[in-house]
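Asker: This is the structure I want to talk about, given as structure tokens.
The values are calculated or read from the model by the stated rules, or taken from the named source; none is laboratory data. None of these values were measured; they are calculated from a predicted model. A quick note on method: Cβ atoms are made from the backbone with ideal geometry, for glycine too, and the neighbour counts reach across all protein chains shown. Side chains included, ligands, DNA and RNA excluded: accessible areas come from the protein's heavy atoms. Shrake-Rupley method; radii C 1.70, N 1.55, O 1.52, S 1.80 Å.
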Amino acid sequence: MTSSTPDPSRRNERSRQAILAATVELISEVGYERASIEAIAKRAGVGKQTIYRWWPSKGAVALEALDESLATVVDFRDSGHLLDDLAHHMKAVTQLLSSTELGPVIQGLIAAGQSDPSLSRAHLDKVIEPATLAWQERIRRAQASGEIRADADSEAVIDMLFGAMYYRLLLHTRPLRPEQIDAALHIAFLGLRKPPEEA
């Protein structure tokens, strides 16, 4: 292939990125319900058949846009200090959802999922479950190293911490501030740390 010959795979990737960006922009501007496939296609400069070739619905496009955006800025690091790692992750997610257009995307997806079980399941499988499993494994390593108590239920810990974050985002549209994340983690870790006689 010469440098002047169009590369279909690269062209398709540019179109995919344009569609994802257009989806996020439109949902932010007009809301999830009013952001149609036709409007997304027009904003992205593609035909709507292109979108339907790659995704079965608007929800599927929005979900991929959310998943890709989260994956580019949030990691599941293991510094050896669970509290620091949780704070790093929670602050990164909060900053992303409060400083970009992604807040309305996740709010729209969760609302749409209430009447669309397949979308709700896809959101759980694609975004929520991988993150939950990654943090459960991180918590188990902290338990194995003796950093936190061994009898703490890792799933309950994740639900408690991240539930507070999403509660604020979804019901109050005011994400937790960094200092509130630190306070929540401090309170949680008072109960998670091993008693002195066990240390």
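Asker: Report, by residue number, each residue of region 69-90 that is over 12 Å from the mean Cα position of the chain (by Cα) and modelled with pLDDT under 90.
Answerer: 76, 77 - these are the residues of region 69-90 that are over 12 Å from the mean Cα position of the chain (by Cα) and modelled with pLDDT under 90.
Asker: Pick from 68, 13, 25, 33: which is in contact (Cβ under 8 Å) with a residue 60 or more places away in the chain, part of a helix (DSSP H, G or I) and open to solvent by 50 Å² or more (accessible area, probe 1.4 Å)?
Answerer: Details: 68 fails: in contact (Cβ under 8 Å) with a residue 60 or more places away in the chain; 13 fails: in contact (Cβ under 8 Å) with a residue 60 or more places away in the chain; 33 fails: part of a helix (DSSP H, G or I).
Exactly one residue qualifies, and that residue is 25.
Asker: Identify the residue in region 120-149 that is free of Cβ contacts under 8 Å to residues at least 24 places away in the same chain and hydrophobic (A, V, I, L, M, F, W, C) and, among all such residues, is surrounded by the fewest Cβ atoms within 10 Å (Cβ to Cβ).
Answerer: So, considering only residues that are free of Cβ contacts under 8 Å to residues at least 24 places away in the same chain and hydrophobic (A, V, I, L, M, F, W, C), the one surrounded by the fewest Cβ atoms within 10 Å (Cβ to Cβ) is 144.
Asker: Quick check on region 153-193: of everything there that is open to solvent by 40 Å² or more (accessible area, probe 1.4 Å) and not in a helix (DSSP H, G or I), which residue is farthest from residue 93 (Cα to Cα)?
Answerer: 193
Asker: Right, next: So which of 154, 115 is within 29 Å of residue 34 (Cα to Cα) and over 18 Å from the mean Cα position of the chain (by Cα)?
Answerer: Working: 154 fails: within 29 Å of residue 34 (Cα to Cα).
Of 154, 115, the one residue that is within 29 Å of residue 34 (Cα to Cα) and over 18 Å from the mean Cα position of the chain (by Cα) is 115.
Asker: Pick from region 71-107 the residues that are part of a helix (DSSP H, G or I) and of a type in the set (Ser, Thr, Tyr): which of them is surrounded by the most Cβ atoms within 10 Å (Cβ to Cβ)?
Answerer: Going through region 71-107, the residues part of a helix (DSSP H, G or I) turn out to be 71-73, 82-99, 102-107.
Filter once more, keeping what is of a type in the set (Ser, Thr, Tyr): 72, 94, 98-99.
On the way: 72: 9, 94: 20, 98: 16, 99: 10.
Only one residue tops the list, namely 94.
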